[in-house]
Amino acid sequence: MSATQIIITLVGVGLIGWIVWYFWLWKGEAVAAQAGAGGVQIVNVTVKGGYQPAAIVVEAGRPVRLNFTRREASLCGEEVVLPEFGRRAHLPEDKTVPVEVTPEKPGEYEFTCGMNMYKGRLIVR
Amino acid sequence: MEATAVRKEEFVDPVCGMTVDPAKAAGVSERDGVRYYFCSAGCKAKFDAGAPAREAEGGASCCAPSSSAGAQEASCCGGGAAAAPVQLGSLRRGPAAYGAAAHVHAASAHAYYAAPPQSQGRAAARDTGAEEAQAESYRTMMRKFWFAAAVGVPLLLMMFAEFVPSLRESMMHYHRLIGFASAVVTLPVLAWSGRQFFESAWNGLRNHNTNMDTLVALGTGSAWLYSVVALVAPGLFPAGTAGMYFEVAVIVIALILLGQALEVRAKSRSSAAIRKLLELQAKTARVIRDGRELDVPVEEVVVGDTVLVRPGEKVPVDGMILEGESAIDESVVTGESVPVDKRAGDQVIGSSVNKTGAFTFRATKVGADTALARIVEMVERAQSSKPPIGRLVDKVSSYFVPSVMIIAILTFLAWINFGPEPAVNHAVVTMVAVLVIACPCALGLATPISLMVGVGKAAEHGVLIRNGEALETASRLTTVVLDKTGTITKGRPELTDVLPLEGFTEEEMLRLAAVADRRSEHPLAAAIVEGARARGIELGEPEQFEAVPGHGVEATVEGRRVAVGNRKLMTREKVSLAEFEENAARLADEGKTPMFVAVDGRAAGIIGVADTIKEDSIEAIRALEGMGVEVVMITGDNERTARAIARQVGIGRVLADVLPEEKARQVEMLQVEGRSDKERGGRGARLIGMVGDGINDAPALAQADVGFAIGTGTDVAIEAADVTLVGGSLRGVVTAIEVSRATLRNIKQNLFGAFVYNVLGIPVAAGVLYPVLGLLLSPIIAGAAMAASSITVVTNANRLRFFEPRRVKGVKA
């Protein structure tokens, strides 16, 4: 093994480590919902290469309105699905689409894009 | 209209149709004892000046000048819907209700999206919008594809030219020049055609997210960058390894764009089923208000309106016939193509087609409450649910892209360290090929797209499947338990036998009995009257009539004393039963109820009445058994009657004398039986489907692995059921199981294809075949394979659209 090969190998192994940490181990910070009129918990979610915020803390038993705005041309995020609530919404680019659900029980509910590549969590307390 | 805005008690501005919260109303007026609330002073002024309610249809002019832009204005001006005069408190809107002037075209498939006001137009308009957007993104992708192809193909040809010895010489001479030219012309392709991949990859990266675009961007980006470095500083690489892969980057982008464009097109086709349902809606309705006929958009029909439907027209909303009769084709909702005869008092379903006569009906359900709207909503919910089979895929796909990136790096390292010369070239080519060939799309699409097509297809045939789990379980059912009354049979008695004794003709005895029964409200009496009518017997009125509760009726008909009823009535009338016995026993054996007839105190004969079997029950039961599903009948009837019916329809196993509340327990016992059977090494766990009506049988339906509710008419989307059979026919059970099996088979094919593709494709791209066959996959081939794989999945799912229930004849195509 030449020195170049050793360096390249080390860089490669380092990259692998970084991928594991960055994509799998990293956990984003959860954002709490804002209280809106009539007790609705409102969260604005930007869809751009993922959901921002991707973790949302809400209270159980009260309606939650997720205002999704897709800010990218990529087709990945064009559909958002909340499987536990049986909701699916089409997100046209740059338009805000509110999706209302009322989580009755505490727990974690996922929302994902149509192909399950983007993931967000609704943390119900 | 903000979603919260309809939560409180609200009224409709009679002038502009806008929703008004009484607490925030700009004004209040009273007319004819009715209180009206207004959105603005302008509306109130108009109304007070004598404007009739609904005068200012679409009256944007009423908008208060002060109303701010955005939602408020949109809901005020955008409405333009009619508001009927409001009795105090009569037009309150619950959270989900869309009243008279709702801007929401409530039957829209998207009704529950709570879309912003500007998009709450008519369903048709919105669907066209979605379609238009889809068409536009298809066109854009195709333009980008052509641009990438126009640059890529000549470059590719030049690369081939290097293999022609005579050209090779001169090519080598201009090698660097060609290289620079390639770099320059391919850059715009990456920047424009490939922009979406890079952008999306970058956006994902910032969110700790990966997607398919990440792989495409990494693959094409690294090919291009490597080529640039090799061009500018060939000295960095061992001699002869500074290859260039500009054409690879560009062609891969072109191929993937083409794949995505075709995918968009195919996907729009697979969601067509649901859109088709919406297109079936009537656009306008002819309502009668204040004695005048008015053509109004279907959105403006309110509950209580009298609606006129002429032959050939569509029934606009759900309701009950007031006057007239007709044959109505309800296939849109029930999947049953034979028109149903309806007369006054019968329910009609919105979107069904009136075939023969004109009639008026009272609207009972409009907007989001109509059967069709609820079907569409239910189907959409089912389409977005996940069958258990999809969960494994979810696990895989969430680790997929980073894993592929890691494999790509390992591939690169393996070639650099252990590969033959030119190692660097091989390392780059294989890494790019790995990145490009991996297709998480095919995996991610495999389940949802088949589910979408399958559930939609079932709905077309009047079978509403609640979710993916129900669909998956239905495909594996081993046993189907059928409730007798109302499921196998029609659930209402019909005249079956007329057995007169000597001295009476059939016609005479039946006429006397039917006339005597005419005023009775008992279902058995109704069956006799109906049966006599069906035989063309003219029925007069009884001169005298008395209902004897628990016994039957006594009446004077044509001057004769007629008694029709059960055994107890005959005893009471002191009529000898001796002559009846033989026939009565035979009828009971056949599961029929004997009704005794006595005339002037003398036995006249027996009329047999029975709950008759639905025309297609036998066929359906045979089909189920043909599919390897065991059929069991459950009933509260006694063993004798139950056996009689079971014999007629060909069911071997009967659970008789089951009290309604015990049905769930019986279903559970069947489930347990299956489990213990498995422990003994038998056929294994049983999955039980229970078919019954959604109300009385609800506990049993819930206990079963799959509950099928037999629906009739408008009571679709029954809560307790996993599957609702809108048509009310047992054939629906067959269709449900067939569709489920076909869909599951399709999903498995897709998953198998996608798994195999990736599991084989990635190692081949990494070059595992090189040591054996000397085979290296060009990244261009990898790109084509990747595009083909997702198209294959979508195309395979679309094959389901051609699904037809084969085993049962007569179901509408």
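Some notes on this structure:
- Scanning the stretch B:346-359 for residues that are under 15 Å from B:K314 (Cβ atoms), of a type outside the set (G, A, S) and part of a loop (DSSP other than H, G, I, E, B) yields a count of 3.
- Odd one out for A:L122, checked against (1) in contact (Cβ under 8 Å) with a residue 24 or more places away in the chain; (2) of a type outside the set (F, W, Y); (3) within 11 Å of another protein chain (Cβ to nearest Cβ): (3)
- For the stretch B:595-631, filtering for residues that are in contact with a Leu (Cβ under 9 Å, 6 or more places away or on another chain) and within 19 Å of B:T505 (Cβ to Cβ) leaves 12.
- Among all residues of the stretch B:360-375, there is none that is within 13 Å of chain A (Cβ to nearest Cβ), buried (at least 24 other Cβ atoms within 10 Å of the Cβ) and assigned to a helix (DSSP H, G or I).
- B:T214 meets the conditions (1) without any contact (Cβ under 8 Å) to a residue 40 or more places away in the chain; (2) within 11 Å of chain A (Cβ to nearest Cβ) in every case but one. The failed one is (1).
- Against the test of being touching a residue at least 12 places away in the same chain (Cβ under 8 Å) and either over 24 Å from A:E78 (Cα atoms) or more than 14 Å from every other protein chain (Cβ to nearest Cβ) (or both), the options B:S170, B:S166, B:S200, B:S222 yield a single qualifying residue, B:S222.
- Scanning the stretch B:244-258 for residues that are in a helix (DSSP H, G or I) and of a type in the set (A, V, I, L, M, F, W, C) returns B:F246, B:V248, B:A249, B:V250, B:I251, B:V252, B:I253, B:A254, B:L255, B:I256, B:L257, B:L258.
- Residue tally, condition modelled with pLDDT of 90 or more and not in a helix (DSSP H, G or I), over the stretch B:385-435: 0
- Residue within the stretch A:16-39 that is more than 26 Å from B:S403 (Cα to Cα), facing chain B (nearest Cβ under 10 Å) and in a strand (DSSP E or B) present: no
- Of all positions in the stretch B:440-456, none carries a residue that is away from chain A (no Cβ under 14 Å) and either out of contact with any helix residue (DSSP H, G or I) (no Cβ under 6 Å at 6 or more places or on another chain) or at pLDDT below 85 (or both).
A quick yes/no check of all residues on (1) without any contact (Cβ under 8 Å) to a residue 60 or more places away in the chain; (2) within 16 Å of A:V99 (Cβ to Cβ):
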position	(1), (2)
A:A33	yes, yes
A:Q41	yes, yes
A:G50	no, no
A:A55	no, no
A:G61	yes, no
A:N67	yes, yes
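- In the stretch A:76-113, the residues that are within 7 Å of chain B (Cβ to nearest Cβ) and either under 27 Å from B:L215 (Cβ atoms) or among the charged types (D, E, K, R) (or both): A:C76, A:V81, A:P83, A:R87, A:R88, A:A89, A:H90, A:P92, A:E100
Table: residues versus (1) surrounded by 24 or more Cβ atoms within 10 Å (Cβ to Cβ); (2) within 35 Å of the chain's Cα centre (by Cα); (3) of a type in the set (D, E).
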residue: B:E199; (1), (2), (3): no, no, yes
residue: B:M212; (1), (2), (3): yes, yes, no
residue: B:G219; (1), (2), (3): yes, no, no
residue: B:W224; (1), (2), (3): yes, no, no
residue: B:V232; (1), (2), (3): no, no, no
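- Hey, A:P63 modelled with pLDDT of 85 or more and over 21 Å from B:S385 (Cα atoms) or not: no
- Among the criteria (1) touching a Lys or Arg at 6+ places or on another chain (Cβ under 6 Å); (2) modelled with pLDDT under 85; (3) not basic (K, R), the one A:A89 does not fulfil is (1).
- Scanning the stretch B:332-345 for residues that are part of a loop (DSSP other than H, G, I, E, B) and either at pLDDT below 75 or under 17 Å from B:P311 (Cα atoms) (or both) returns B:G335, B:E336, B:S337, B:V338, B:P339, B:R343, B:A344.
- Some residue of the stretch A:43-64 being surrounded by 20 or more Cβ atoms within 10 Å (Cβ to Cβ), basic (K, R) and not in a strand (DSSP E or B): yes
- Any hit, the stretch B:750-773, residues being under 30 Å from B:I621 (Cα atoms) and among the β-branched types (V, I, T): no
- Residue match in the stretch B:523-537 (condition: under 30 Å from B:V632 (Cα atoms) and crowded, with 17+ Cβ neighbours inside 10 Å): yes
- The set of residues in the stretch A:65-75 being more than 7 Å from chain B (Cβ to nearest Cβ), part of a strand (DSSP E or B) and not polar (S, T, N, Q) consists of A:L66, A:F68, A:R70.
- One residue stands out among those in the stretch B:623-642 that are free of Cβ contacts under 8 Å to residues at least 40 places away in the same chain and part of a helix (DSSP H, G or I): the one that is nearest to B:I737 (Cα to Cα), which is B:E625.
- Residue match in the stretch B:612-622 (condition: in contact with a Lys or Arg (Cβ under 7 Å, 6 or more places away or on another chain), part of a strand (DSSP E or B) and modelled with pLDDT under 85): yes
The values are calculated or read from the model by the stated rules, or taken from the named source; none is laboratory data. What you see is a predicted model; the values in this text were computed from it and never measured. Ideal geometry is used to build each Cβ from the backbone, glycine not excepted, and the neighbour counts take in all protein chains shown.
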